[in-house]
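Structure first, commentary second.
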Number of protein chains: 2
Amino acid sequence: MTVTDELLRNARRYAADFDKGDLPLPPARQIAVLACMDARLNPYGLLGLSEGDAHVIRNAGGVVTADEVRSLSISQRLLGTREIVLIHHTDCGMLTFSDDEFRAQVLADTGIKPEWAAEAFADLDQDVRQSIARIKASPFIPHKDSVRGFVYEVKSGELREVHP
Amino acid sequence: MTVTDELLRNARRYAADFDKGDLPLPPARQIAVLACMDARLNPYGLLGLSEGDAHVIRNAGGVVTADEVRSLSISQRLLGTREIVLIHHTDCGMLTFSDDEFRAQVLADTGIKPEWAAEAFADLDQDVRQSIARIKASPFIPHKDSVRGFVYEVKSGELREVHP
C-alpha cells in the first residue's frame with residue numbers, strides 16, 4: 001500500500017462527513033496566501049482558514065516567479081481577491097544550497113542543466129522583501145495596497161512580520 | 001482592520017497552542033501534493049494531512065509549469081519525497097475562460113500582454129492527464145513510479161481518480 005493509497009482512505013472519510021457543498025467559487029475573505037511548500041507550514045491551522053476562505057498558492061521557498069504572478073493575476077482579476085499574504089519560514093531547505101550548486105548537480109546527474117533558477121536564498125527577510133518587490137513590480141497584479149510578508153518560526157509556531 | 005490583520009490574530013492563537021516544534025525538514029510521508037489554489041479545496045482536511053507530513057504545492061488550476069517542476073525537483077532531489085498526487089477540481093475558474101481571452105483582456109487593461117499562458121483548460125480529466133504527462137516528460141523529476149491524478153468534486157467532497 002502506497003502513501004497515496006493511505007491518503008485516499010482519508011479522503012473517503014472526508015467525503016462521508018462533507019457538508020460544504022454550497023460554497024461559491026470566489027474566496028469569501030478576498031485574500032490570497034502565497035507560502036512555502038514546507039511540510040511543517042500548515043496555512044489552514046496557522047491562519048485559521050476554512051474551506052472557501054482564501055486562495056492558497058505554494059511552491060519551494062514561497063517565492064514569486066512568473067507562475068505565481070499568473071496565479072495572483074487570476075486570483076485578483078477574475079476571482080476578486082484584494083489582499084496578499086506571503087509566508088517564508090525558518091529552517092527552510094532553500095537556505096541550504098545555492099542556485100549554482102543545484103543546477104550543477106542536476107546537470108551532473110541528468111546531463112541537462114535546468115533553464116530555470118532554483119530560487120535558493122541566503123537571507124529569509126531579504127527574500128520576503130524580494131517577493132514583495134516582484135509583486136509590486138508586476139503590471140499583471142492590480143491590487144497592491146495590502147501585500148504583507150512574514151516569516152513563520154517552525155520551532156515556536158509564531159508568525160513574524162517582515163517590514164520594508 | 002484588514003482580513004490580513006484578522007488572520008494574524010488567528011496566528012497568535014495557533015502559536016499559543018503550538019506543540020510541533022520538533023518536526024524535521026523532510027516530509028514524513030515522503031509525498032508531494034500539487035493542487036489547485038481554489039479556496040474550497042483544503043488538502044489538509046481532504047487528505048488527512050498534519051504538519052510535517054507532505055509538501056503542498058499549489059497554483060491556479062493545479063497545473064504543471066516550469067515553477068512546479070522546480071518545486072517537485074527540489075522536493076524529490078533534496079528532501080526525499082517519492083510520490084506525487086495531483087488534484088484538480090470541479091467548478092474550477094480555469095474552465096471559465098480561454099488563454100487568448102485572458103491575455104487580450106490584460107493587454108486591454110494594462111497595455112502589456114503577459115509573456116506566459118494563463119493555462120486555462122476546457123476538460124478537467126484531460127488537463128489532469130496533461131499535468132501527469134508534463135511530469136513524466138521532465139528530466140528534473142527523478143521519481144515517477146507513483147504519479148497519480150485526481151478530480152475533487154466540490155459539491156460532494158469526493159476525490160475521483162483520473163486514469164490514463
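Here are a few things to note about the model shown:
- Share, in percent, of DSSP beta bridges within chain A that are antiparallel, nearest 5: 20 percent
- Going from the chain on its own to the full set of protein chains, region A:20-41 has these residues losing 40 Å² or more of accessible surface (heavy atoms, 1.4 Å probe, no ligands, DNA or RNA): A:G21, A:L25, A:R29, A:M37, A:A39, A:R40.
- Taken along the Cα-to-beta-carbon direction at a fixed 7 Å, the label points for A:L107 and B:S50 span 4.4 nm.
- Sequence-separation-based contact order of region B:27-162, relative, with Cα cut under 8 Å and 6+ spacing, percent: 28 percent
- Taking a straight Cα-Cα cut-off under 23 Å and skipping sequence neighbours fewer than 8 places away in the same chain, the lysines within cross-link reach of B:K113 are A:K136, A:K144.
- Bridgeable lysines around B:K20 (alpha carbons under 29 Å apart, same-chain partners fewer than 8 residues away excluded): A:K20, A:K155.
- Since only B:Q130, B:I74, B:A108 are under comparison, the one whose Cα sits farthest along the positive direction of the charge dipole of region B:27-162, derived from C-beta charges on Lys, Arg, Asp and Glu, is B:I74.
- Full extension of the chain between B:D99 and B:R12 gives 27.3 nm of extra length, using 0.36 nm per residue less the Cα-Cα distance.
- Debye equation applied to the C-alpha atoms of the protein assembly as shown, log10 I(q)/I(0) at 0.11, 0.13, 0.15 Å⁻¹: -0.64, -0.93, -1.31
- The B and A chains share an interface that buries close to 7200 Å² of accessible area, total over both sides, probe 1.4 Å.
- With every protein chain in place, chain A: carbon and sulfur % of accessible area (1.4 Å): 48 percent
- Rounded to the nearest 20 debye, the dipole magnitude of region A:27-162 is 520 debye, with +1 charges on Lys and Arg beta carbons, -1 on Asp and Glu beta carbons, and the Cα centre as origin.
- Comment: the Cα-to-Cβ extended label point of A:L107, at 7 Å, lies 3.7 nm from its counterparts in the other copies, nearest first.
- Point-to-point label distance, B:A28-A:R134, nm (Cα→Cβ direction, 7 Å offset): 3.1 nm
- Gyration tensor verdict on region A:69-133 (Cα atoms; rounded if a/c is under 1.5, prolate if a/b is larger than b/c, oblate otherwise): oblate
- Ordered from largest to smallest accessible area (heavy atoms of protein chains, 1.4 Å probe), the residues A:R129, B:R58, A:R103 come out as A:R129, A:R103, B:R58.
- Among A:L47, A:L107, A:L124: highest mean-square fluctuation, GNM of chain A, C-alpha pairs under 10 Å: A:L107
- Sorted shortest first, the separations between the A:P26 label point and its copies elsewhere in the assembly read 4.5 nm; each point sits 7 Å from Cα along the Cα-to-Cβ line.
- Looking at chain A, the accessible area is 40 square angstrom per residue; that uses a 1.4 Å probe and ignores ligands, DNA and RNA.
- Rg(Cα)/(2.2 N^0.38 Å) for region B:50-164, N = residue count: 1.16
The values are calculated or read from the model by the stated rules, or taken from the named source; none is laboratory data. Computed from a predicted structure; not experimentally measured. Please note: Cβ atoms are built from the backbone with ideal geometry, for glycine as well, and neighbour counts cover all protein chains shown. SASA here: full protein model, heavy atoms, side chains in, ligands and nucleic acids out. Shrake-Rupley method; radii C 1.70, N 1.55, O 1.52, S 1.80 Å.
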